[in-house]
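Notes follow once the structure below has been shown.
The values are calculated or read from the model by the stated rules, or taken from the named source; none is laboratory data. These numbers come from a predicted model, not from an experiment. Using ideal geometry, Cβ is built from the backbone for each residue, glycine included, and neighbour counts are taken over all protein chains shown. Note: areas computed on protein heavy atoms with side chains; ligands, DNA, RNA excluded. Shrake-Rupley method; radii C 1.70, N 1.55, O 1.52, S 1.80 Å.
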Amino acid sequence: RDNVRDRWLPSLLKGGMSAAFALAGPTVRVIDGDAVGVLVVADDDSVRLIEVSDVTARRRDIDSQDTTRTSWCLDVASSPSIVIGDADRAAELRTVAELLISADAVGAFSASLERLIEYLRDRIAFGARIASFQAIQHRLVDLLVFEVKARAIVAKATAASDAADSPTADRRAAL
């Protein structure tokens, strides 16, 4: 592990290289995958580090719905890797990644809802702003309730994850 730290950490800390994290699979999706130097992948058994220059197949993710960030598909199945963590660390990282992905999705939904509301306030149909129509307002309330529920679920999951990591969690589980 010292060799790994000596090889990549200085460049990462100086900003000369960027890193990304992905949940394991034969092909992983990475934001700005064309600019990433090192990829950390967590599977069921371990945490692995892959030098992205060793990834032979990478392509822009044409299935991505996100127009604000470029997503890349990297084929890591046959890429050489270095094990840098055990199964327990992999499980911890997967939990954090799933929380971050959920929070990102809620944030994307919130931004989309804000843009929709702006559009509906500006757009005029039949001589009135679309946002003034009762049927539209009911739909917007449904979307707002969905957003609030999603945000609460992510917050509750994060709090549960934090509680599981606390020193008292082992004592509570033992009781």
*Do we have any residue at all in the stretch 25-45 that's among the small types (Gly, Ala, Ser), within 20 Å of the chain's Cα centre (by Cα) and farther than 29 Å from residue 151 by Cβ?*
yes
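Quick test for you: out of 58, 29, 48, pick the one residue that is touching a Gly at 6+ places or on another chain (Cβ under 7 Å), assigned to a strand (DSSP E or B) and either more than 20 Å from residue 108 (Cα to Cα) or not acidic (Asp, Glu) (or both).
58
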*Would you pick out the residues in the stretch 42-71 that are exposed (fewer than 13 other Cβ atoms within 10 Å of the Cβ) and either polar (S, T, N, Q) or on the phi > 0 side of the Ramachandran plot (or both)?*
53, 56, 65, 67, 68
*Which of the residues that make up the stretch 72-102 are open to solvent by 50 Å² or more (accessible area, probe 1.4 Å), assigned to a helix (DSSP H, G or I), closer than 25 Å to residue 4 by Cα and out of contact with any helix residue (DSSP H, G or I) (no Cβ under 9 Å at 6 or more places or on another chain)?*
88, 89, 93, 94
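To keep it simple, each residue is scored yes or no on (1) farther than 24 Å from residue 66 by Cβ; (2) among the hydroxyl-bearing types (Ser, Thr, Tyr); (3) assigned to a helix (DSSP H, G or I).
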site: 104; (1), (2), (3): no, no, yes
site: 110; (1), (2), (3): no, yes, yes
site: 115; (1), (2), (3): no, no, yes
site: 120; (1), (2), (3): no, no, yes
site: 135; (1), (2), (3): yes, no, yes
site: 138; (1), (2), (3): yes, no, yes
site: 141; (1), (2), (3): yes, no, yes
site: 148; (1), (2), (3): no, no, yes
site: 152; (1), (2), (3): no, no, yes
